[in-house]
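This report refers to the structure that appears directly beneath it.
The values are calculated or read from the model by the stated rules, or taken from the named source; none is laboratory data. If you're wondering where the values come from, they're calculated on a predicted model, not measured in any experiment. Note that we place each Cβ from the backbone using ideal geometry, even for glycine, and neighbour counts take in every protein chain shown.
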Amino acid sequence: MNLLAHLFLARAWPEDAQLGNFSADWVGGRRATQAYPAGFQAGVALHHRIDSFTDRHPVVAKTKARLREAGFGKYAPVIADVFYDHFLARDFSRWSPEEPLALFAQRQYAFLNRRRLDLPPGVQGFLPYMIEHDWLTGYARPEGINRALAGLSRRASAGSGIEGAGAELMRHETAYAAEFAAFFPEILESTGVGER
């Protein structure tokens, strides 16, 4: 669910790997992945490596624990992803001084649109909406995060409360921001995914 982070972390990889990394959650299992080119499969593996590092990280565990305490239960990891995309977007110039978020987003949209037929059907379905509503730059603003959370809530179990997580973000913004700022340099350094 952290679309911006996955695009950012794979930005220096070959195109097929970027596509696989971006769309790994919509590919399916190992057999479905094998139907794609080798470069795409490498991107799926990269996505899983990023997710595994994130899931095991003690700082991320603090974020998820606070979200669970706030009543979000099994949806805490998904909400944490959205929150972290917010802080990446909000402070993008810190992580990418050479390219503003708006330019990065437009470059990614053009690339994904150009290669849309190489994406899984599920991604092809939401990509036009993502581009039209400029999700990537929208993550920097509270209303963009609220829109993303509302979209996730429609796919979650009834009563998930995901749509109300924006209020939780505002309530503990300083703590969540500090956790992201502690975590993100480590994923850049420890996994080496920012460079290729």
Practice item. Among what's in the range 85-94 and is of a type outside the set (S, T, Y) and surrounded by fewer than 17 Cβ atoms within 10 Å (Cβ to Cβ), pick the residue that is farthest from G159 (Cα to Cα). Key: R94
Check your understanding: Which one is farthest from N146 (Cα to Cα), of the residues in the range 1-46 that are out of contact with any Phe, Trp or Tyr (no Cβ under 8 Å at 6 or more places or on another chain) and surrounded by 21 or more Cβ atoms within 10 Å (Cβ to Cβ)?
Key -> F40
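Here's the yes/no breakdown for (1) surrounded by fewer than 17 Cβ atoms within 10 Å (Cβ to Cβ); (2) in contact with a helix residue (DSSP H, G or I) (Cβ under 7 Å, 6 or more places away or on another chain); (3) not in a helix (DSSP H, G or I):
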site: A110; (1), (2), (3): yes, no, no
site: N113; (1), (2), (3): yes, yes, no
site: M130; (1), (2), (3): no, no, no
site: T137; (1), (2), (3): no, yes, no
site: E143; (1), (2), (3): yes, no, no
site: R154; (1), (2), (3): yes, no, no
site: S160; (1), (2), (3): no, yes, yes
**Study point:** Evaluation of L117 against (1) part of a helix (DSSP H, G or I); (2) under 16 Å from F8 (Cα atoms); (3) modelled with pLDDT of 95 or more (one fails), failing number
**Key:** (2)
Study note, to complete from the structure: Flagged in the range 55-66 as surrounded by fewer than 21 Cβ atoms within 10 Å (Cβ to Cβ) and farther than 16 Å from M170 by Cα, in numbering order, are D55, R56, H57, P58, V59, A61, K62, A65
Review point. Consider G164 against the criteria (1) part of a helix (DSSP H, G or I); (2) within 18 Å of L3 (Cα to Cα): it satisfies all of them except one. Which criterion is unmet?
Key: (2)
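Suppose we filter Y109, Y139, Y84 for residues that are within 25 Å of G43 (Cα to Cα) and in contact with a His (Cβ under 8 Å, 6 or more places away or on another chain); which single one remains?
Y139
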Study note, to complete from the structure: Restricted to the range 86-118 and to residues being among the polar types (S, T, N, Q) and touching a residue at least 24 places away in the same chain (Cβ under 8 Å), the residue farthest from T137 (Cα to Cα) is S96
Revision key, fill the gap. Residues in the range 67-84 that are surrounded by 15 or more Cβ atoms within 10 Å (Cβ to Cβ), among the small types (G, A, S) and touching a residue at least 60 places away in the same chain (Cβ under 8 Å) total 1
